[in-house]
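Participant: Following this message is one structure expressed as C-alpha cells.
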Amino acid sequence: MSIINVNESLQCDFSKTKYKNNKSVRKGYTLVVDIGTTTMKVAIINEKNRIILCESEKVQINISRKNDIFQAEMDPEILWNQFVELVKKTITQFGSIELIESFGMCCQRNTFVSWDKRNMKPIHPLITWKDCRGKDACNQWNKGLFIKTLNIAGSVLYFLLRGEKFKSIKIFRFINAMVSHRFLAISKEYKEVEKLRKEGYLGFGFLDTWIVAKLTNGNKIVSEPSGSSTTGLYDPYVRNWASYMLKIISFPSEILPNLTSSAGEVIGMINKSIFGCEIPICSLMGDQQAAIVGAGCLSVGDVKISLGTGSFVNVNTGKNVFASLLGLYPICAYKIRNDYCFAVEGVSSDTSEVINWAGMMNLYDRLEHCSDIAFSGNTDNQLNFFPSFSGVQTPINDTNACCALLGINSSSKKEDILRAILESISFRVYQLWKAVYNEISNFKCGKIRICGGVSTNDFICQTFCTLIDKEIERPTDYTSTTLIGSAFMCNVTKGYYDITDISNIISTDKIFKPNKHEHKKLLEKYNNWEKSLERTLEYYKK
C-alpha cells in the first residue's frame with residue numbers, strides 16, 4: 001500500500017464552470033479509481049490534477065487450467081467489496097467526503113461479467129482479458145470460409161477504393177482478447193446466461209459497466225467508447241456497436257450496455273447508501289486511454305508508451321481511424337460529448353510477468369536495483385531472451401510462440417541474463433514502434449512519453465530511447481498517469497479545463513536522450529535478436 005499525503009489548502013472556483021449552479025456537484029476534490037489487472041488504486045486529486053492521497057491494493061485473479069485451456073477469472077463480488085472498502089479507507093484517510101465533488105474511473109479492458117438484472121447477482125466470474133476460453137473458436141472462425149471470403153472482399157475493395165475500413169476487412173481476424181468468443185464460450189458453460197437472456201433479465205457488461213451498475217443500484221448499465229473499442233464488439237468506423245459482425249457470429253447484441261461519453265457530461269450518481277453521500281460520476285475510460293490523457297499525448301502524432309502488466313504503444317491519430325496489416329488496431333482514445341479522438345495501439349502482453357519471473361529466479365534482490373545490475377552486464381554477450389509467456393503479439397501475432405533464452409554459456413553471469421531480459425522488453429517495444437513507422441503513411445512523430453510501473457527502470461527506457469534515436473520524456477507522475485488522466489477528464493466535465501489544457505499541467509521526471517555512440521551497435525544486437533526470435537515461433541503448434 002502506498003500513501004501520498006500533501007498538506008494543501010484549496011478553494012475551488014466554480015464561478016467559471018457550467019456546474020456553478022448544479023447542487024449535484026460540490027466544491028472540492030475528485031475521487032478516482034484505477035482497477036488494473038494486478039492492482040487497484042484509489043486517489044484523491046485536486047482541481048490542479050495533483051495527487052493529494054493515494055492508496056493501492058493487489059487484486060485477486062484466479063488462474064487455472066481446465067481441459068488444457070488457460071483460465072483467468074476474478075470474483076465480481078470480492079472485487080466489488082474490495083473496491084468499496086478501499087474507497088472508504090481512502091475517504092477516511094482524507095477526512096471529509098463532503099469535499100469530494102466528482103468520481104472518475106478507468107479499468108482494465110476486455111474483462112466482462114453477466115448478472116441477473118433483478119437482483120444484481122453475478123452468474124459467472126469476471127472473465128479477464130487473459131482468459132483463453134475463446135481461443136479455439138477464434139481459430140476455427142479464422143480458418144473458415146466466411147473470414148476468408150471477407151478478407152478477399154476487403155482486399156478487392158481496398159485495392160479499388162483505398163478506404164481504411166476496407167484495409168481492416170482485408171486482414172480481419174478474431175483474437176482471443178476480444179470479448180465476443182469468450183462470452184459465447186461462457187454462455188455454453190453457464191446455462192443460466194442463455195436462460196436469462198431469453199427471459200429478458202440478463203445483464204451484461206465490462207468491468208466499468210459492472211462497477212457503475214453496482215454504484216447506481218442497477219440504474220445505469222453503461223460503457224463508453226474508449227474501453228469498448230478494444231472488445232471486438234465496437235466498430236470505430238460507425239462509432240457504435242458492430243451490429244453486422246455480431247449478427248454473423250450470433251452474439252446477442254441486445255444485451256450490450258448503452259454507450260455514453262468518456263467525459264463531458266455526468267454519467268450517473270453514486271447512490272448515497274454506498275459512501276454516505278451522492279457523488280456524480282464524471283468520467284469513465286479504459287486504462288490505456290486514461291494514460292494517453294494523463295501523459296498529455298493529445299496532439300496528432302504524439303506517442304504514449306505504457307510499461308506495466310503489458311507494454312502498450314499508442315499513437316494519437318486524431319479524427320482518423322487507422323487500420324493496420326501488422327496487427328496494430330484502432331481504438332477510441334476518448335469521447336467528450338460528440339467529440340471523438342482516436343489512436344492506434346500495439347501490445348506486448350508479458351512485461352510485468354517477465355520482470356516478476358526474473359525476480360523469482362533470484363536475478364535481482366530489489367526491483368529498484370534492476371537497472372544498475374543490467375548496466376553492469378556484459379554489453380558484448382550474445383544472450384537473447386524472448387518474453388513470450390503468452391505468445392508474441394504485434395506485429396508477429398503468434399499465440400504458439402514460446403519463451404526462451406538463447407546463447408547462454410559457461411561464462412554467462414546473472415547480470416548478463418538480467419540484461420538480456422530487460423533488453424527484450426525494450427526490443428519488443430521497438431518492434432511495436434517499427435510497426436507504427438512502417439504502417440502509418442507520413443507519420444510525423446510528436447512528443448514521446450513513457451509511463452507505467454516498469455518505466456521506473458532506467459535501463460529499459462534508455463535502451464528503447466537509443467534504439468529509436470529520439471528523446472523520450474517520463475512524466476513526474478509516471479506510475480499514476482491513469483489516475484491523472486481520469487481526474488483530468490472529470491475536471492473537463494466540470495468545466496475547469498478544456499481537453500487541450502492537459503499539456504500545460506504535465507511536468508517531467510526525466511528526459512532520456514539517445515546514446516549516439518551505442519545506436520548502431522544496439523541496432524545490430526536488435527536485428528540479431530529479431531532474427532533469433534523466429535526460432536521460438538509456432539513452438540506449441542499442434
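Participant: Just the number, please: Stokes-Einstein D of region 44-111 in µm²/s, Kirkwood Rh from C-alpha pairs, 4 °C, 1.567 mPa s.
Facilitator: Working: Rh = 14.6 Å.
Rounded to a whole number, D works out at 89 µm²/s.
Participant: Normalised by the number of residues in the chain, what is the relative contact order in percent for Cα pairs under 8 Å and 6+ residues apart?
Facilitator: Rounded, it is 14 percent for the chain.
Participant: How big is the gap, in Å, between the Cα center of region 473-519 and the Cα center of region 255-304?
Facilitator: 17
Participant: For region 243-259, list residues with backbone N below 14 Å from a point placed 7 Å from the Cα of residue 194 toward its Cβ?
Facilitator: 250-252
Participant: Among 512, 322, rank each residue by its count of other Cβ atoms within 10 Å, from fewest to most, as a rough exposure measure.
Facilitator: Starting with the residue having the fewest Cβ neighbours, the order is 512, 322.
Participant: Using a 10 Å cut-off on Cβ atoms, rank the peptides 112-121, 529-538 from the highest mean neighbour count down. Each step should come with its number before you reach the end.
Facilitator: Numbers: 112-121: 17.9, 529-538: 16.1.
Going by the mean number of other Cβ atoms within 10 Å, highest first, we get 112-121, 529-538.
Participant: In addition: About its Cα centre, what dipole magnitude does the chain give when the only charges are +1 on Lys and Arg Cβ and -1 on Asp and Glu Cβ, stated in debye to the nearest 20?
Facilitator: 1300
Participant: Could I ask something else about it? Full extension from residue 249 to residue 219: what is 0.36 nm times the residue separation minus their Cα-Cα distance, to one decimal in nm?
Facilitator: Roughly 7.9 nm would be gained on extension.
Participant: Pop a pseudo-label 7 angstrom from the Cα along the beta-carbon direction at both residue 146 and residue 409 and give the gap in nm to one decimal.
Facilitator: With each label point 7 Å from Cα toward Cβ, the separation is 5.4 nm.
Participant: Given H placed 1.01 Å from N in the peptide plane, which residues other than close sequence neighbours of residue 269 have an amide H under 5 Å from its amide H?
Facilitator: Placed amide hydrogens put 281 under 5 Å from residue 269.
Participant: Using the Karplus equation 6.51 cos²θ - 1.76 cosθ + 1.60 (θ = phi - 60°), what ³J(HN,Hα) coupling, rounded to whole Hz, does each residue of region 245-257 give in order, writing x for Gly and Pro?
Facilitator: Working through the residues one at a time gives 5, 5, 5, 4, 9, 6, 8, x, 5, 5, 8, 5, x Hz.
Participant: Give the Rg/Rh ratio for region 391-494, taking Rg as the radius of gyration of the Cα atoms and Rh as the Kirkwood radius, to two decimals.
Facilitator: My calculation puts Rg/Rh at 1.05.
Participant: Sort 283-289, 40-46 by packing, meaning the average of other beta carbons within 10 Å per residue, with the highest value first.
Facilitator: So the order, starting with the most tightly packed, is 283-289, 40-46.
Participant: Please work out how much length the chain gains when fully extended from residue 48 to residue 337, using 0.36 nm per residue of separation minus the C-alpha to C-alpha distance, in nm with one decimal. Can you show the working numbers first?
Facilitator: Values: separation 289, 0.36 × 289 = 104.04 nm, distance 2.24 nm.
Value of the extension gain: 101.8 nm.
Participant: Let me ask you something else. Let me make sure I get this right: for region 226-346, a, b and c are the square roots of the gyration tensor eigenvalues over alpha carbons, sorted descending. Under 1.5 in a/c it's rounded, otherwise prolate if a/b > b/c, else oblate. Which is it?
Facilitator: Since a/c reaches 1.5 but b/c is at least a/b, the shape of region 226-346 is classed as oblate.
Participant: Take each complete run of DSSP H in the chain, measure how far its Cα atoms stretch along the helix's own axis, and keep only those covering 18 Å or more with mean Kyte-Doolittle hydropathy at least 0.5; list them.
Facilitator: Those that clear 18 Å and a mean of 0.5 are 145-161, 481-494.
Participant: Taking R0 as 22 Å, what FRET efficiency do you get between residue 120 and residue 89 from their Cβ-Cβ distance, rounded to the nearest 0.05?
Facilitator: With a Förster radius of 22 Å, E is 0.40.
Participant: May I pose another question? Please report, in debye to the nearest 20, how large the charge dipole of region 97-160 is about its Cα centre when each Lys and Arg carries +1 at its beta carbon and each Asp and Glu carries -1 there.
Facilitator: On the way: 9 positive and 5 negative charges, 86 e Å.
Charge dipole, region 97-160, about its Cα centre: 420 debye, nearest 20.
Participant: Taking H placed 1.01 Å from N in the peptide plane, check which residues at least 5 places from residue 59 or on another chain put their amide H under 5 Å from its amide H.
Facilitator: 39, 40
Participant: Quick one: 3J(HN,Hα) in Hz for region 271-278, Karplus 6.51/-1.76/1.60 with θ = phi - 60°, rounded, Gly and Pro as x.
Facilitator: 4, 4, 5, 7, 10, x, 7, 6
Participant: Here's a follow-up. Residues with amide H under 5 Å of residue 204's amide H, sequence separation 5 or more or different chain, H placed in the peptide plane at 1.01 Å from N; which?
Facilitator: HN-HN under 5 Å from residue 204: 115.
Participant: Now a separate question. Taking 0.36 nm per residue of sequence separation and subtracting the Cα-Cα distance, how much length would be gained by fully extending the chain between residue 81 and residue 540, in nm to one decimal?
Facilitator: Stretched out fully, the residue 81 to residue 540 stretch lengthens by 161.3 nm.
Participant: What ³J(HN,Hα) values, in whole Hz, does the Karplus curve 6.51 cos²θ - 1.76 cosθ + 1.60 give for region 320-325 when θ = phi - 60°, with x put for Gly and Pro?
Facilitator: Per residue, the Karplus-derived 3J(HN,Hα) values read 8, 8, 9, 10, 10, 9 Hz.
Participant: Just rank 331, 396, fewest to most, by other beta-carbon atoms within 10 angstrom.
Facilitator: Numbers: 331 27, 396 19.
With the fewest neighbours first, 331, 396 line up as 396, 331.
Every number here is computed from the coordinates shown, using simple stated rules; none is lab data. None of these values were measured; they are calculated from a predicted model. With ideal geometry, Cβ positions are generated from the backbone for all residues, glycine too; neighbour counts draw on all protein chains shown.
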